[in-house]
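Trainee: Take this structure, written in structure tokens, and hold onto it; I'll ask about it next.
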Amino acid sequence: MSLTRRTFLTSAAALAVARPGAAAPGPAVLEAREGMAQILPAEYPATAIWGYDGLTPGPEIRVLQGGRIERRLTNALPQPTAVHWHGIRIDNAMDGVPGLTQDAVAPGGSFDYAFVVPDAGTFWYHSHAASMEQVARGLHGPLIVEEAEAPEVDADHVLVLDDWRLDRDGALVEPMANFHDLSHAGRLGNVITVNGSVGHTVPAARHARLRLRLINAANARIQVLSLDGLEGWTVALDGMPLEVPQPVAGRFSLAPAQRIDLIVDVTADTEAFVVDHHPDGGYALITLPVSGTASAARRPTPAPLPPNPVRSVGHLDDALSVPVLMEGGAMGGMMGAMMNGGRMGMREMMRSGQFWALNGTVGLPQAPLVEAARGRTVRFDLINDTAFPHGMHVHGHHFREVQADGTLGPWRDTILVDAGARREVAMAADNPGDWLLHCHMLGHQTAGMKTWFRVA
């Protein structure tokens with residue numbers, strides 16, 4: 001999904017200003033509806049999906065940093081839905097979380113989203129209503145915010161990674177949730193796609209310099225990747241630039257919802273690859289057939305991207321420290337938790353399809369996990385007392401990991417906490433409102449692993 005005339009015109013229309021005396025145009029429509037997608041090779045049947053404008057991934061939204069996005073969500077689905085603009089430090093009312101920031105949009109209804117994008121980078125949008133099902137059916141799309149001074153590259157490619165659980169006829173395997181998926185690793189697919197289909201190719205020339213924007217839109221799969229025939233540098237994570245580009249050496253991981261921006265030089269003579277690794281081996285997830293030469297010689301290491309205007313973390317010693325204990329799941333040993341205002345045993349929870357808890361509570365509690373004054377530094381101590389990894393996502397903010405030596409890692413909005421591990425993140429709570437904190441393995445969120453915090 002590199003920048004095309006179509007996506008440029010779509011973005012330009014979103015920023016158009018009405019002529020004097022002309023009727024002001026309404027926001028561009030983003031319709032959630034059923035569609036058909038050729039996910040498998042052409043000899044297989046197409047797959048019935050749900051997508052924005054009937055597409056998966058949905059239309060690429062591309063805008064300049066500081067620009068305004070306006071979209072009218074119309075719901076042509078049989079279920080209520082909403083749009084979350086993942087990674088955007090957004091006005092709380094526009095965050096798209098039913099039950100916390102808005103009511104879900106009923107079938108036949110609509111909702112107008114309008115917000116300014118403060119940060120340049122690679123972001124995405126997806127359903128936050130019945131998200132384990134709706135995202136798995138295809139309701140997601142890329143949101144690209146361009147820098148005023150973009151890096152010099154020969155091409156800019158947006159690559160949305162997803163996985164699908166399909167039967168031999170290309171149909172989604174039903175039901176979309178079962179007790180095993182909810183209590184184990186989540187809904188893992190048997191088909192991995194890039195931009196909605198298998199066998200993705202990106203034509204390239206030798207010594208071409210490419211920007212690869214990788215987005216993991218999968219429900220639960222942690223993507224483990226490497227480069228072959230490409231020399232690359234990581235320049236941004238979760239939309240936020242690194243202070244110094246880091247060489248890509250060996251394998252790197254993307255948890256669900258995470259993004260990585262790479263600048264790569266094509267070093268292969270005939271073919272280069274982005275390789276997807278699994279316990280049973282690796283295969284070419286993306287193939288770059290090489291033809292011709294873009295440059296007579298290699299180019300120097302890319303310069304850092306311009307920093308985004310995110311507020312610094314502040315003094316950690318004065319931070320508000322908040323433990324976040326993850327419990328439950330298969331092989332977890334949790335005996336019960338608070339649910340719907342009362343104490344429930346694990347067997348009662350399971351009958352309701354609930355298997356996970358944060359700080360001893362299943363689902364959204366009545367009171368916030370923490371209430372922080374605006375500007376206060378908050379440290380979340382993420383403790384994974386379960387047998388599975390969890391990709392923890394904070395809405396409305398970016399954070400930095402507090403390393404063992406007290407230094408701070410790169411800015412992120414989603415962090416993978418391995419089974420039995422403990423990781424601490426710190427952020428400036430500078431965006432007022434009620435914000436979600438949850439596991440982005442969407443089956444875990446559906447089955448209880450979510451909470452919220454308030455910035456006063």
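The values are calculated or read from the model by the stated rules, or taken from the named source; none is laboratory data. Fair warning: this is a prediction, and the values are worked out from it, not measured in the lab. Note that we place each Cβ from the backbone using ideal geometry, even for glycine, and neighbour counts take in every protein chain shown.
Trainee: Would you point out which residue out of F115, F111 is modelled with pLDDT of 95 or more, touching an Asp or Glu at 6+ places or on another chain (Cβ under 6 Å), aromatic (F, W, Y) and not assigned by TED's automatic domain parsing to the domain that holds L212?
Mentor: The match here is F115.
Trainee: Could I ask something else about it? So which residues in region 340-364 are in a strand (DSSP E or B) and in contact (Cβ under 8 Å) with a residue 60 or more places away in the chain?
Mentor: Our first condition is that a residue be in a strand (DSSP E or B); within region 340-364, this holds for 342-345, 356-358, 361.
Correct list: W356, A357, L358, T361.
Trainee: Any idea which residue in region 231-273 is surrounded by the fewest Cβ atoms within 10 Å (Cβ to Cβ), counting only those that are hydroxyl-bearing (S, T, Y) and free of Cβ contacts under 8 Å to residues at least 60 places away in the same chain?
Mentor: T270
Trainee: Would you mention how many residues in region 225-259 are closer than 25 Å to S295 by Cα and of a type outside the set (D, E)?
Mentor: Final tally of qualifying residues: 15.
Trainee: Continuing with this model, one more query. Within region 290-298, can one find any residue that is under 23 Å from the mean Cα position of the chain (by Cα) and crowded, with 19+ Cβ neighbours inside 10 Å?
Mentor: No, there is no match, as no residue in region 290-298 is under 23 Å from the mean Cα position of the chain (by Cα) and crowded, with 19+ Cβ neighbours inside 10 Å.
Trainee: Here's a follow-up. Give V417, V394 a once-over and let me know the one that is in contact with a His (Cβ under 6 Å, 6 or more places away or on another chain), closer than 13 Å to V324 by Cβ, of a type outside the set (S, T, N, Q) and surrounded by fewer than 24 Cβ atoms within 10 Å (Cβ to Cβ).
Mentor: Only one candidate qualifies: V417.
Trainee: What are the pairs with Cβ atoms under 6 angstrom where one residue, in region 311-339, is on the phi < 0 side of the Ramachandran plot and the other, located anywhere, is at pLDDT 95 or above and in a helix (DSSP H, G or I)? Sequence gap at least six, or different chains.
Mentor: Going by the 6 Å Cβ cut-off, the qualifying pairs are A330/S183.
Trainee: Taking the stated definitions as given, is R343 closer than 24 Å to C439 by Cα, among the charged types (D, E, K, R) and surrounded by fewer than 17 Cβ atoms within 10 Å (Cβ to Cβ)?
Mentor: Details: closer than 24 Å to C439 by Cα: yes; among the charged types (D, E, K, R): yes; surrounded by fewer than 17 Cβ atoms within 10 Å (Cβ to Cβ): yes.
It is true that R343 is closer than 24 Å to C439 by Cα, among the charged types (D, E, K, R) and surrounded by fewer than 17 Cβ atoms within 10 Å (Cβ to Cβ).
Trainee: Can A148 be described as assigned to a loop (DSSP other than H, G, I, E, B), surrounded by fewer than 23 Cβ atoms within 10 Å (Cβ to Cβ), more than 19 Å from the chain's Cα centre (by Cα) and touching a residue at least 40 places away in the same chain (Cβ under 8 Å)?
Mentor: Here the answer is yes, as A148 does meet what is asked.
Trainee: Here's another thing I want to ask about it. Would you mind listing the strands (runs of 3 or more DSSP E) fully within region 206-299 where at least 2 residues are charged (D, E, K, R) and modelled with pLDDT of 95 or more?
Mentor: On the way: elements: 209-216, 223-228, 230-237, 240-247, 252-254, 259-266, 271-278, 281-293.
Fully inside region 206-299 and qualifying: 209-216, 259-266, 271-278.
Trainee: Something else: Do you know which residues across region 325-335 are surrounded by fewer than 17 Cβ atoms within 10 Å (Cβ to Cβ) and not in a loop (DSSP other than H, G, I, E, B)?
Mentor: If the condition is that a residue be surrounded by fewer than 17 Cβ atoms within 10 Å (Cβ to Cβ) and not in a loop (DSSP other than H, G, I, E, B), then L325 is the only one that fits.
Trainee: Just to verify a result, which residue in region 172-200, among those that are among the β-branched types (V, I, T) and assigned to a loop (DSSP other than H, G, I, E, B), is nearest to A330 (Cα to Cα)?
Mentor: Per the criteria, the residue is V173.
Trainee: May I ask you to verify whether V322 is of a type in the set (V, I, T), in contact with a strand residue (DSSP E or B) (Cβ under 9 Å, 6 or more places away or on another chain), within 22 Å of Q403 (Cα to Cα) and part of a loop (DSSP other than H, G, I, E, B)?
Mentor: So V322 fails the test.
Trainee: Among the residues of region 414-455 satisfying the criterion of being assigned to a strand (DSSP E or B) and among the β-branched types (V, I, T), which is farthest from the chain's Cα centre (by Cα)?
Mentor: Top of the filtered list is V455.
Trainee: List every residue pair whose Cβ atoms lie under 6 Å apart, where the two residues are 6 or more positions apart in sequence or sit on different chains, the first residue falls within region 114-135 and is part of a strand (DSSP E or B), and the second residue, located anywhere, is modelled with pLDDT of 95 or more and among the hydroxyl-bearing types (S, T, Y).
Mentor: Hits for this filter: S127/T81.
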